[in-house]
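K.L.:
The structure follows.
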Amino acid sequence: MLRRFLLRRALLGVLVLWLVTLGTFLLFFVAPSDPARTLAGRQATPEQVELIRHNLGLDRPILVQYLDYLNRLIHGDLGQSYFSGESIGKLLSQDFPPTASLVIGGAILWVVIGVGAGVISATRARSLLDRVVTFLALAAVSMPTFVVGLLLLYFLFFQLSMAGAPLLPPDSYVPLTDSPGEWARHLILPWITLAMVQAASYVRLTRGSMLDILGEDYIRTARAKGVPEGRVIYRHGLRAALTPVVTQLGVDVGTLIGGVVVTESVFGLGGIGQAVVQAFVSGDLPVIMGVVVLATTAVVVANLLVDITYGLLDPRIRLT
Amino acid sequence: MTLTEIRPDAVTDRTIAGRSPWQLAWARIRTDKVALVSGLTVVLLCLLALAAPLIAAWNGHDPDEQFRDTGITAQGLPIAPNGTFWFGTDRLGRDLFIRVLYGARVSLLVGVVATGLAALVGVLVGLLAGYYGGVIDTVLSRLMDVVLSFPYLIFAIAVVSIAGPSLTATIGVIAFYSWAAIARVVRGQTLSLKEREYVEAARSIGCGDLRIMFVDILPNLLAPVIVLTTLLVPAAIVFESTLSFLGLGIVPPTPSWGNLLSEAQGFYRVAYWYLGFPAATLLLTTLAFNLVGDGIRDAIDPRMERLFSRRGRRNRRDRRDRRRRRKGA
């Protein structure tokens, strides 16, 4: 059963991946960017531009280029950057760790904050605490990510350093393998930024879903048979209320792998998002394709994990 | 007191009039202090934005004028807020107060126009999908799913790298990303509304599809669309600022809150006002819009949860009283 499910989802994932690469490829050729001309520089003769175009393989028909790309992709070769000539595999393996560290660490933080605040809000609905939490969540959605980041930098880095306690560094990324302590220290502010912005929607989601669930018959049954309130809320209620939260988490983590550009650039972490912005501006197709393939794979895998988690969380759901 | 003592006109003293749902909603929102204050803030901000050229003419500071003598320190740094420059100056010695005001024009324009476009497309698509169902519904619904699950920033980057950053591109990108949320809600409502008796009645007297969609169904959709639209405006303003921050939105020297903040990024250590005032204005605006949206939702649909409800306040008071009584007893 599970094997068939996994097989079908894997096939679906490959289909999605194929469609997305096709779309990106077409989009690239619609765009008026011409990497050969950019690469040749201003003083290049038309012949030189033509030669570069030929060397990059850009003078072939689009279909041929696309099939060639797919063929190499199947063999695990993502090609080389037009500009630096570096292999995309190597580029991505440099840019992926900062992004993954940021997103995964941030996700843990925002789930803990968001779900925690949501449960508190739901179990004390209409209380002052609920109102404060709801208002803070509203304030957090009202703020752009980079403003949160810059404010944190101002208060927690700059003012703290001025006060003689430079506890948190402003930017840059330290690999986990170099020094786990430094890695975490450099990521604290980015994590908080991401978590503050994301947690808001999780508070609302958890609160709403929790209020629904707590009104269900089986919760009343549990209370009636004398299950302690804490156990009712966390073991019976929260477990079922988490389903929409997990869905949202899958979507968010998946899309953020390619889309934490803002947090990455505020804190100068490098990473996938910044790489793709640069590639788009300069018209570096292999880099764009590499990132798109990676980001899509992340979305597909995240959604698969979500579906598997459903079955574990809510016994009423069967994987089919 | 006997019955005969009641004056016959006693009843007619109090006129009893039926109130439309909109009158009821208005009556509810009038008692909602948070929504009223937020609404007033929004109106005030819009007036200030409209009056920006007047204010600039009055204090004599053009938004692009560089005050090299008075607006910048000897080290070439921005100067702090003072009597001449209320919000201080920016890195080129320009008046930040005037630039924030002009930025409001752009940011509010983008927010309102993009959301308006999104509402138009969303309502149209949602009506079509919900009313006709079948293949049309399937295709349109899948389209909404795709738009809603797309990493929008990547999409925005792609569009801007093709079209170049501009006001139109910014509005287009935001509208493209926002319509699907409205379409989804409209579709759902239409699905249930089209089964109502009055629609059947309209059909039985020979009304066409278009008439039923726009004359019979559409007015009943206004409430959720108004609420969603009010809540999408602040989201659009945040979106604009993010795009401009990344250099993909409004291009300087035209000030928008996003590119003001983007410029301020390098100066946050030496000039708190450079970052602080645009950020505070932006936050005030989006928060006010969000609170107004919540207020309108509560007023239109009283079944929904209220953030600052009178009932909540009364409940709290009752609980407190009960506690006191118990303590006293």
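K.L.:
Would you point out which residue out of B:LEU143, B:LEU148 is open to solvent by 20 Å² or more (accessible area, probe 1.4 Å), without any contact (Cβ under 8 Å) to a residue 40 or more places away in the chain and under 23 Å from B:ILE237 (Cβ atoms)?
P.N.:
Only one candidate passes the filter, namely B:LEU148.
K.L.:
Being small (Gly, Ala, Ser), under 27 Å from the mean Cα position of the chain (by Cα), at negative phi and part of a loop (DSSP other than H, G, I, E, B), is that true of even one residue in segment A:40-63?
P.N.:
No.
K.L.:
Ok, one more. Can B:ILE171 be described as among the hydrophobic types (A, V, I, L, M, F, W, C), surrounded by 13 or more Cβ atoms within 10 Å (Cβ to Cβ) and either touching a residue at least 12 places away in the same chain (Cβ under 8 Å) or in contact with a strand residue (DSSP E or B) (Cβ under 6 Å, 6 or more places away or on another chain) (or both)?
P.N.:
yes
K.L.:
Every residue in segment B:246-264 that is within 23 Å of B:THR229 (Cα to Cα) and more than 10 Å from chain A (Cβ to nearest Cβ), please. Step through it out loud before you land on a result.
P.N.:
Going through segment B:246-264, the residues within 23 Å of B:THR229 (Cα to Cα) turn out to be B:249-250, B:256-258.
Result: B:GLY249, B:ILE250, B:SER256.
K.L.:
Having 2 or more residues that are among the acidic types (Asp, Glu) is the bar; report the helices (runs of 4 or more DSSP H) wholly within segment B:138-244 that clear it. Break it down into steps so the answer makes sense when it comes.
P.N.:
On the way: elements: B:152-163, B:167-193, B:197-204.
Hits in segment B:138-244: B:197-204.
K.L.:
Here is a check on your reading of the model: is A:GLU182 surrounded by fewer than 18 Cβ atoms within 10 Å (Cβ to Cβ), modelled with pLDDT under 85 and touching a helix residue (DSSP H, G or I) at 6+ places or on another chain (Cβ under 9 Å)?
P.N.:
Judged against the criteria, A:GLU182 is not a match.
K.L.:
Can you spot a residue in segment B:226-247 that is more than 30 Å from B:ALA158 (Cα to Cα) and of a type in the set (Gly, Ala, Ser)?
P.N.:
Of segment B:226-247, the ones more than 30 Å from B:ALA158 (Cα to Cα) are B:226-227.
Within this subset, residues satisfying the condition of being of a type in the set (Gly, Ala, Ser) are none.
Among the residues of segment B:226-247, not one is more than 30 Å from B:ALA158 (Cα to Cα) and of a type in the set (Gly, Ala, Ser), which makes the answer no.
K.L.:
Determine which single condition B:LEU261 fails, assuming it passes every other condition in (1) more than 26 Å from B:TRP86 (Cβ to Cβ); (2) in a helix (DSSP H, G or I).
P.N.:
(1)
K.L.:
Between a first residue in segment A:4-24 that is among the hydroxyl-bearing types (Ser, Thr, Tyr) and a second residue that is open to solvent by 90 Å² or more (accessible area, probe 1.4 Å), which pairs have beta carbons less than 7 Å apart while being 6 or more apart in sequence or on different chains?
P.N.:
Nothing qualifies.
K.L.:
Okay, moving on. Considering segment A:23-59 alone, what residues qualify as being closer than 30 Å to A:GLY254 by Cβ and open to solvent by 50 Å² or more (accessible area, probe 1.4 Å)?
P.N.:
A:LEU26, A:LEU27, A:PHE29, A:VAL30
K.L.:
Just to be sure, is B:VAL215 within 16 Å of B:THR115 (Cα to Cα), among the hydrophobic types (A, V, I, L, M, F, W, C) and away from every other protein chain (no Cβ under 11 Å)? Even if it seems obvious, please write down each step before you answer.
P.N.:
Details: within 16 Å of B:THR115 (Cα to Cα): no; among the hydrophobic types (A, V, I, L, M, F, W, C): yes; away from every other protein chain (no Cβ under 11 Å): yes.
Taking the combined requirement at face value, the residue does not satisfy it.
K.L.:
Turning to a different aspect of this structure: If a residue has to be surrounded by fewer than 17 Cβ atoms within 10 Å (Cβ to Cβ) and either of a type in the set (S, T, N, Q) or not assigned by TED's automatic domain parsing to the domain that holds A:THR206 (or both) to count, how many in segment A:109-167 make the cut?
P.N.:
3
K.L.:
Among the residues of segment A:81-96, what is the count of those that are more than 24 Å from the chain's Cα centre (by Cα) and modelled with pLDDT of 80 or more?
P.N.:
Matching residues across segment A:81-96 total 1.
K.L.:
For the condition more than 10 Å from chain B (Cβ to nearest Cβ) and at negative phi, what is the one hit in A:LEU136, A:LEU151?
P.N.:
The unique qualifying residue is A:LEU136.
K.L.:
With respect to B:GLU200, determine if the residue is closer than 19 Å to B:VAL160 by Cβ and among the acidic types (Asp, Glu). Give the derivation first.
P.N.:
Working: closer than 19 Å to B:VAL160 by Cβ: no; among the acidic types (Asp, Glu): yes.
For B:GLU200, the condition - closer than 19 Å to B:VAL160 by Cβ and among the acidic types (Asp, Glu) - is not met.
K.L.:
On to the next question. Mind checking which residues of segment A:194-252 are part of a helix (DSSP H, G or I) and among the acidic types (Asp, Glu)?
P.N.:
Within segment A:194-252, A:ASP212, A:ASP217, A:GLU229, A:ASP252 meet the criteria.
K.L.:
Filter segment B:265-316 down to residues that are modelled with pLDDT of 65 or more, more than 25 Å from B:VAL233 (Cβ to Cβ), facing chain A (nearest Cβ under 10 Å) and open to solvent by less than 20 Å² (accessible area, probe 1.4 Å), then give me how many there are.
P.N.:
1
K.L.:
Sticking with this one: Considering each residue of segment B:211-238, count those that are more than 29 Å from B:ILE174 (Cβ to Cβ), without any contact (Cβ under 8 Å) to a residue 24 or more places away in the chain and either out of contact with any helix residue (DSSP H, G or I) (no Cβ under 9 Å at 6 or more places or on another chain) or not basic (Lys, Arg) (or both), and give that number.
P.N.:
The qualifying residues number 2.
K.L.:
If you don't mind, another one. Return the total of residues in segment A:265-281 being more than 9 Å from every other protein chain (Cβ to nearest Cβ) and closer than 18 Å to B:VAL160 by Cβ.
P.N.:
4
K.L.:
Can you confirm whether segment A:274-285 contains a residue that is buried (at least 20 other Cβ atoms within 10 Å of the Cβ), closer than 15 Å to A:SER87 by Cα and in contact with an Asp or Glu (Cβ under 8 Å, 6 or more places away or on another chain)?
P.N.:
Yes, there is a match, as at least one residue in segment A:274-285 is buried (at least 20 other Cβ atoms within 10 Å of the Cβ), closer than 15 Å to A:SER87 by Cα and in contact with an Asp or Glu (Cβ under 8 Å, 6 or more places away or on another chain).
K.L.:
Any residue at all in segment B:125-143 that's more than 26 Å from A:LEU256 (Cα to Cα), within 14 Å of chain A (Cβ to nearest Cβ) and in contact with a helix residue (DSSP H, G or I) (Cβ under 8 Å, 6 or more places away or on another chain)?
P.N.:
no
The values are calculated or read from the model by the stated rules, or taken from the named source; none is laboratory data. Everything numeric in this text was worked out from a predicted model, so none of it was measured. When we count neighbours, we look across all protein chains shown, and the Cβ atoms used for this are built from the backbone with ideal geometry, even at glycine. Areas reflect the complete protein model, heavy atoms only, side chains present, ligands, DNA and RNA absent. Shrake-Rupley method; radii C 1.70, N 1.55, O 1.52, S 1.80 Å.
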